[in-house]
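Remarks on the structure that follows.
The values are calculated or read from the model by the stated rules, or taken from the named source; none is laboratory data. Every value quoted in this text rests on a predicted model; they were computed, and no experiment measured them. Methodologically, a virtual Cβ is constructed for each residue, glycine included, from the backbone with ideal geometry; neighbour enumeration extends over all protein chains shown. Each accessible area value is taken on the protein alone, full model and side chains, heavy atoms only, with ligands, DNA and RNA left out. Shrake-Rupley method; radii C 1.70, N 1.55, O 1.52, S 1.80 Å.
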Amino acid sequence: NPTFMKTQRKKGSELKHYMPVSVGLNASFALNDWLSVESGLNYTNLYSSSDNTGNVSTYHYSQNLHYIGIPLAASIRFIDFGQTSLYAKAGASAEVCVSASNRQYIDNVLNHKQKIDTEGLQIGLNAAAGVSYGIWNNLGLFAEAGVAYWTATKPQPTNYRTEHPLGFSFMAGVRLSFR
């Protein structure tokens, strides 16, 4: 946080990290009737902010981190009934920060905007269980609940994942499967 915010800080005004928002596109490649390998491309936004009130002015600080990642997982389909399947999967994801910046506002007026230098990757190990439904040829819908543990190859800017490396997720979307 900027120096002027540290001197004006009051109890309870630390940087608040909001839950990550991710979207992605996955493809699944069947190795046999029950085992497949998945990969794709994900985008994740990690947003944090802090509001502080001084004697004369109000201060707002925000941090916005944008990550692009490639997930890789193995999936085991253990129940099939019609077009619906239940599955479990485990894998990893590597994400690189493609844009990082912070903004400082005094009395709701932008005072300073700064690019944040980042390097290294955020690495996530994950496991999930889900259900998929085939809607047309190789195209289907899916929903899954999972757990992930995040670490980094080099220090990353403080964010939700650095403060809460163990996280739970719920994902739903469209999956393209190849047999």
Of Asn52, Pro20, Asn138, which is farthest along the charge dipole of segment 1-154 in the positive direction, counting Lys and Arg as +1 and Asp and Glu as -1 at C-beta? Asn52
Taking only Cα atoms and a 10 Å spring cutoff, compute GNM fluctuations for the chain and point out the largest among Lys16, Lys154, Lys89. Lys154
At a Förster distance of 41 Å, what's the computed FRET efficiency of Ala90 paired with Thr158, Cβ-Cβ distance as r, to 0.05? 0.90
In the chain, lysine pairs 8 or more places apart or on different chains with C-alpha atoms under 29 Å apart total 14
What size of dipole, in debye to the nearest 20, comes out for the chain about its Cα centre when the only charges are +1 on Lys and Arg C-beta atoms and -1 on Asp and Glu C-beta atoms? 440
Rounded to a whole %, the carbon-and-sulfur portion of the accessible area of the chain at a 1.4 Å probe is 60
Skip the ligands, DNA and RNA, and give the accessible area per residue of the chain with a 1.4 Å probe, whole Å². 59
Expressed as cubic angstrom per residue, what is the convex hull volume of the alpha carbon set of the chain? 123
Can you give the relative contact order of the chain as a percent, counting alpha carbon pairs under 8 Å and 6+ residues apart? 19
I'd like to know which of Ile106, Pro155, Leu121 lies farthest towards the positive end of the charge dipole of the chain, counting +1 on Cβ of Lys and Arg and -1 on Cβ of Asp and Glu. Ile106
Along Cα→Cβ, 7 Å out, is where each label goes; now give me the distance between the ones at Tyr133 and Phe170 in nm to one decimal. 1.6
Which number comes out as Rg/Rh for segment 81-127 once both Rg and the Kirkwood Rh are worked out on C-alpha atoms? 1.35
Give the calculated FRET efficiency between Ser62 and Asp107 to the nearest 0.05, with a Förster radius of 22 Å applied to their Cβ-Cβ distance. 0.90
Between Asp51 and Val98, how many nm apart are label points set 7 Å from Cα along the C-beta direction? 3.2
Highest-MSF residue in the chain out of Gly134, Gly124, Gly69 [GNM, Cα springs under 10 Å]: Gly134
Using R₀ = 25 Å, calculate the FRET efficiency as 1/(1 + (r/R₀)^6) where r is the Cβ-Cβ separation of Ala143 and Leu31; round to 0.05. 0.65
